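Notes for the one structure printed next.
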Amino acid sequence: MDRSNPVTKILRGLALLAIGLFFLFPLFWVALMSFQTNEQILRIPPSIVFEPTLSNYWALISGRLVSTAGVLEIKFMGNLWNSVFLSTTSVALALILGVPAAYAFARFRFRLSEDIAFTLLSFRFAPPLLVLLPLSLYFQDIGLTDTYVGLIWVYQLIALPLILWIVRGYFEDISPDIEHAYRIDGHSWWKTFTKIALPLARPGIAAAALLSFIFCWNNFIFALILASAGKQPVTVGALAFVTASGIQYGQIAAAVILSILPTLLLALYAQRYLVEGLSLGAVKG
Amino acid sequence: MAELNLTAVDKIYQSRGKPPVHAVRSVDMAIGDGEIVGLLGSSGCGKTSTLRMIAGFEDVSRGEIRLGSRVLNELAPAERGVAMAFEGYALYPPLTVRDNVGFALLRARTPKAEIERRVAEIASLLEIGDILDRYPPTISAGQQQRTSLARALIRRADLSLLDEPMSQLEPQLRAILRARIKDFLIEHKMTTVFVTHDQTEALALADRIAVMEGGVLQQFAAPADLKERPANLFVASFIGEPPMNIMAGEIAGQEIVIRTVQGEKAFTLPAQAGDRPGEIRVGIRPHRVRVGEGPLKGQVVSNQWLGDQTHLGIEVEGVLLVAVTDGTLNIGIGEAVPVALPGDALHLFDAASGAALRHGEVSAA
Amino acid sequence: MAFLDLDRLSLAFKKEQVLKEASLQVERGETVVVFGPSGGGKTVLLRLVSGVMQPDSGDVRLNGRSILDQGPEERGVGMAFQNFALYPHMPAFENIASPLRARRLADSEIERRVHETARLLKIDHVLKHFPKELSNGQKQRTALGRALIAGPEVLLLDDPLRNVDAKLRYEMRIELPRLLKSFGGSVLYVTQDYKEAMALGDRVAVLLDGRFLQIDRPAEIYKNPADVRIARLFGDPTINLYPVQPRPAGNGIEIELFGSKVTLPGSHGHLQGRECLMGLRPEHIHVHTEPVEGGLPMELDAVTPLNVRTVLFLRTQDNRELLATCSEHEQGNFGRGHRAVHARIDFERALFFEPASGTRLPAAA
């Protein structure tokens, strides 16, 4: 029963506004900071009124950080590219491996299937620091330290379990009868997988890919230990702004905004598929 | 004494950002003391909203509901003296079936021996005697539904409301339970309103049936009247299984011209003196179609003997008719058979409004 | 040699034996209805034939050759599912066309055949719609079209009418026999509705506890059920059952029934001295308001009209319940019930069963 009157409507609006402000304020403040110089930022009391400057962004893009202590070369754009490359290829690899595996786990009951699926999930609960030390030793031995291949491999620890478990749930939601019907129509199992199972699980695959992309993008500790400056993503690269002469808040803020942008755009793009998935709805017939 | 009166009752659902939904439109019903009334219709016809307004789970948007001399509109559900069996059973999971059934009596401080006697009585009526000490989650859907029915019936309240009370019953129990429940309701003179989408159930239990569609009460009458004198096309096609045969046609002069689905002339029937020319629909109930004699030539499409009755599909000049007889008929598929549609069995409806024009020789007006 | 031969099929799920050496032979062009209560392994049986499941033991032969080693796409069967199993991301046209696409027919040929099939099923106007835009009836017809279009030698229909409303279900029951005959292949049809089974089957195979308890023509199963459970499953209202012990009396035999001594017809003479369960079908009990010869006095407790027949709820002098039926036009004699009546029982047609096993005791040779 909906008994809403104007007062509850206004109260509801106010509550939503308060929650929105609470969660978005840090982001909003960082966005403001990215258009200010370090001096403006450190003003006391802080002020919302200032003369905006693009100098932070310019410094990041040109790779030259001018501070009171002199000129510092930074490779922020290189870091950004590394992030894009590492996250994209990691998710792509995880999809190629994970989606068929998820299908197998969803459709077939084989010996140890639950145990294998659980082991894969357990990668997510081990603290990264626990595996890092032995991992870095092995990587040095087999020459994978500071290579893209090595990092992408390690990123599978993040992306693969996520994709496997989310997509498996979506496959399980598709009535097996729909696939059986397609087989009985005379289509091979491979066509059934590509024409029925994959399209129907697409929203799940999109969601899982997006989520694992964000997790890969935000990873810090693997990249910090296993890669040197040339291969490091933005998360690690941002450390460069903590210099001997102080912390470059303006540049950090600009870097944050730039590094949020790709995931934000991707999320907006993928939203279409997520919504489509909801409206397709009647998968269960 | 508990007559139930609904006077010009409306239900309008308001929801934000959507046009209001007029679920029940100006429904008038006078239900006598001890009468059993079925609210019948397909989903979304307003029957459940009506029942929930009587129970007090929905506000009455307009109009008045009275039970005896009391106006129910502003009373809370608990103050109405009404017993209800819910479609989703709504059993209390931590209580045994026995305690679920006896709950209301316990609360009313009925003596223990009396509770025990009445639980035993209702349990044998609904065949739940062997599960009285089980818990609701451990029994089947059919058993849960019977428990929920028992919990409502045991109270012998002024008014019993039953929402889809028999939808989950096991097929083998259905006929006997319907009969026992009806017997119980009549014996204790319990005024009862039940909701169902199943016209068979409505016909079996109810003294009178309120057929609803689109929030509007289409007809409120005894089962025999709904069958013999349906007020409009909707009621005619909703009541009866097999449903009434309905044919498209036109009154032209002394004849009723019946057409096929494709719109071609199929055959003619004699018209009556009072029939006005125009588009009509002609209905005939399947067991009034006469097979084996008559002026029309039919071809058998299907011949289905169901044990105590035979259902025939017969195509007459491109029009498919269903005929039902009590006995067996030895006619194979594809065979020709003469057919008659007796004039006193025909129902004529206006094509545009659907309103009944005449039943047999008698005008509907 | 049968066209489709299911030979001693067994299958267990976890510890539960779903099928126990179930055997069934289907001739070319024949419709066999597999009937049984839910969870009885009917659907599993269809899955074994379609190839999406493999039996633990036994064989499935088509035209004398085992097809167990063929995948579902190689067997050339058509199947319609209870939940329709339409492809939600394809319009109705592509759903129906799917078996033709698999056979790589030319687009123009596919176009022609889909339209032809759709016209036959009266869904040609919704071919562009996606499944979620179709009504349940249209979904069901689309699923049927998909199963039929490639002209399979074996058509498997898994309770295809279960999820459509009563009216449509009835309509399809009348239309399906003609459709299935024109299609010409063998049909295995699964249902848990005995009327559907009797209406559609050339033969009915009753699957109970993983075995076929009886395979016969519908009329035979109704008149001569092999087991009391089958007798209870076929018939609405359910058959009345009473334990009796026939004793010799004079030159015939007699039983104690409803507080009276009743002489049984000579045809039951061989049952003398055996304890047995007597089954009386409701339509073989004729109820009169006035005393009749051979009539037993009873109390009529309730009258519950069904569609074509009306159920009379009787209480015997020894306080047992008895269900009888009468035709609709006789119903008026009985009013609302609660009156004395006289029931004449047609003992010639009574069925007798072994009380412990439930097996039918054969009629006299």
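The values are calculated or read from the model by the stated rules, or taken from the named source; none is laboratory data. Small disclaimer: the values here were computed from a predicted structure and weren't measured. Reconstructed Cβ throughout: ideal geometry from the backbone, glycine too, with neighbour counts over all protein chains shown. Note: accessible area is taken over every heavy atom of the protein model, side chains too, but ligands, DNA and RNA are not part of it. Shrake-Rupley method; radii C 1.70, N 1.55, O 1.52, S 1.80 Å.
Worth a mention:
- Flag if A:Y273 is open to solvent by 50 Å² or more (accessible area, probe 1.4 Å), among the aromatic types (F, W, Y) and within 14 Å of chain C (Cβ to nearest Cβ): yes
- Considered as a group, the residues in the stretch C:142-171 that are in contact with a Pro (Cβ under 6 Å, 6 or more places away or on another chain) and in a helix (DSSP H, G or I) include one that is farthest from C:Q192 (Cα to Cα), and that residue is C:K167.
- Any hit, the stretch C:304-325, residues being surrounded by 17 or more Cβ atoms within 10 Å (Cβ to Cβ), in a strand (DSSP E or B) and more than 11 Å from chain B (Cβ to nearest Cβ): no
- Residue within the stretch B:144-165 that is part of a helix (DSSP H, G or I) and surrounded by fewer than 20 Cβ atoms within 10 Å (Cβ to Cβ) present: no
- Out of A:R183, A:R168, sole residue that is within 14 Å of chain C (Cβ to nearest Cβ), of a type in the set (D, E, K, R) and in contact with a Phe, Trp or Tyr (Cβ under 8 Å, 6 or more places away or on another chain): A:R183
- Screening A:A255 with (1) surrounded by 16 or more Cβ atoms within 10 Å (Cβ to Cβ); (2) more than 16 Å from A:A31 (Cβ to Cβ) gives one miss only, at (2).
- So B:F234, is it touching a residue at least 12 places away in the same chain (Cβ under 8 Å) and in a strand (DSSP E or B): no
- Within the stretch C:326-354, tally of residues that are open to solvent by 20 Å² or more (accessible area, probe 1.4 Å), over 29 Å from the mean Cα position of the chain (by Cα) and within 14 Å of another protein chain (Cβ to nearest Cβ): 6
- Any hit, the stretch C:198-213, residues being of a type in the set (A, V, I, L, M), farther than 24 Å from C:P177 by Cα and outside the structural domain of C:T304 (by TED's automatic domain parsing): yes
- Test for C:V32: is it of a type in the set (A, V, I, L, M, F, W, C) and either more than 13 Å from every other protein chain (Cβ to nearest Cβ) or in contact with a His (Cβ under 6 Å, 6 or more places away or on another chain) (or both): yes
- Residue count, the stretch C:114-146 (criterion: within 32 Å of the chain's Cα centre (by Cα) and over 18 Å from C:P88 (Cβ atoms)): 9
- Test: residue in the stretch C:103-120 that is within 23 Å of B:S43 (Cα to Cα) and among the small types (G, A, S): no
- Here B:T7 does not qualify as in a helix (DSSP H, G or I) and more than 14 Å from chain A (Cβ to nearest Cβ).
- Search result, residues across the stretch B:247-260 that are without any contact (Cβ under 8 Å) to a residue 40 or more places away in the chain, open to solvent by 20 Å² or more (accessible area, probe 1.4 Å) and not charged (D, E, K, R): B:A252, B:G253, B:Q254, B:V257
- Helices (runs of 4 or more DSSP H) fully within the stretch C:37-141 counting 3 or more residues that are modelled with pLDDT under 95, within 27 Å of C:R173 (Cα to Cα) and of a type in the set (F, W, Y): none
Residues checked against (1) closer than 21 Å to C:L312 by Cα; (2) within 14 Å of another protein chain (Cβ to nearest Cβ); (3) not in a strand (DSSP E or B):
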site	(1), (2), (3)
C:V206	no, no, no
C:E220	no, yes, yes
C:P225	no, yes, yes
C:E254	no, no, no
C:H270	no, no, yes
C:R274	no, no, yes
C:E283	yes, yes, yes
C:H286	yes, yes, no
C:M298	yes, yes, no
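- From the options C:T238, C:T263, residue that is within 14 Å of chain B (Cβ to nearest Cβ), of a type in the set (V, I, T) and on the phi < 0 side of the Ramachandran plot: C:T238
- Residues satisfying the stated conditions in the stretch C:47-73, i.e. at the interface with chain A (Cβ under 8 Å from one of its Cβ atoms) and either open to solvent by 40 Å² or more (accessible area, probe 1.4 Å) or of a type in the set (D, E, K, R) (or both): C:R47, C:E73
- Any hit, the stretch C:147-157, residues being away from chain B (no Cβ under 14 Å) and β-branched (V, I, T): yes
- Scanning the stretch A:12-66 for residues that are open to solvent by 50 Å² or more (accessible area, probe 1.4 Å), part of a loop (DSSP other than H, G, I, E, B) and in contact with a Phe, Trp or Tyr (Cβ under 8 Å, 6 or more places away or on another chain) returns A:F35, A:P52, A:L54.
- One residue from C:L168, C:L161, C:L188, C:L155 being in the same structural domain as C:L45 (by TED's automatic domain parsing), crowded, with 22+ Cβ neighbours inside 10 Å and without any contact (Cβ under 8 Å) to a residue 40 or more places away in the chain: C:L161
- Members of the stretch B:193-231 that are in a strand (DSSP E or B), within 14 Å of chain C (Cβ to nearest Cβ) and more than 11 Å from the chain's Cα centre (by Cα): B:E213
- Any chance B:I122 is open to solvent by 20 Å² or more (accessible area, probe 1.4 Å) and part of a helix (DSSP H, G or I): no
- Of all residues making up the stretch C:191-229, the number that are under 13 Å from C:K42 (Cα atoms), in contact with a Phe, Trp or Tyr (Cβ under 9 Å, 6 or more places away or on another chain) and open to solvent by 20 Å² or more (accessible area, probe 1.4 Å): 2
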